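Enquirer: Please see the structure below; I have some questions.
Readers should treat all values here as calculations from the given coordinates under stated rules, not as data from a laboratory. Model, not experiment: these values are computed from the prediction. So basically every Cβ, Gly included, is an ideal-geometry build from the backbone, and we count neighbours across all protein chains shown.
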Amino acid sequence: MKLQRRNSFFSARRIATLSVLTAMGLIMFMVESLFPPLFLPGAKMGLSNIFSLLALFVLGPTEAFILVIVRTTLGSVFTGNISTLMYSMTAGLVSVAVSSVLVEFVYPRVSIVAVSVVAAVMHNVAQNVVFCLVSDTSEMFAYMPWLALIGVVAGLIVGFAVWFILRAVPPKVFLGASDFDGFEASSALSPEETTSDSENTQSAEENDNDEMEK
């Protein structure tokens, strides 16, 4: 789904949309922190990344970076785990940076799920590298293949969730909330949905014109 920005970044609708996505990502981050790691120390599914990837597609890379910074900072404060802020913040920023590059130069030649998988793998790799450098425990590099495998699984879950949201939620919600004035159909939205929405909009404009003439 390619959207064309119309209004400034500081419009009320864009800030409100970003705030909602950030709050939902923070809640998911805190809920997931209540469960034990998956197989390896610190390994999580990263379900909060659903909202950062969604923000990237419907708002843009700047908003996605802001969401990650606010979510990881507040999440570390609320969970009382400030020591992991360095790992989470670095990995989250690397993940968003990789996703932004893929969306800008490769998408829609590759799917949303593919973008999510690459970003999730890079997230785990970056987190492990930072941990090894800070703690000076090179033995943790041996976990890299397993962390990459967990990243593939997590990326599939996050990618399909974002893909489903973009298909299930009407395009008008994203266009209105994000201050966009046009979009093109892609793997996220089917041509039938795009055509139907365009026809409905045109019909509404014609009815308004007829009423004004009367």
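Enquirer: On a full-extension model of 0.36 nm per residue, what is the gain between residue 78 and residue 139, subtracting their alpha-carbon distance, rounded to one decimal in nm?
Expert: Values: separation 61, 0.36 × 61 = 21.96 nm, distance 3.07 nm.
Difference between extended and current length: 18.9 nm.
Enquirer: At q = 0.14, 0.16, 0.20 Å⁻¹, what log₁₀ I(q)/I(0) does a Debye calculation on the Cα points of segment 61-172 give, no solvent, two decimals?
Expert: -0.63, -0.81, -1.15
Enquirer: First measure r as the distance between the Cβ atoms of residue 148 and residue 31, then evaluate 1/(1 + (r/R0)^6) with R0 = 22 Å and state the FRET efficiency to the nearest 0.05.
Expert: Plugging the Cβ-Cβ distance into 1/(1 + (r/R0)^6) gives 0.30.
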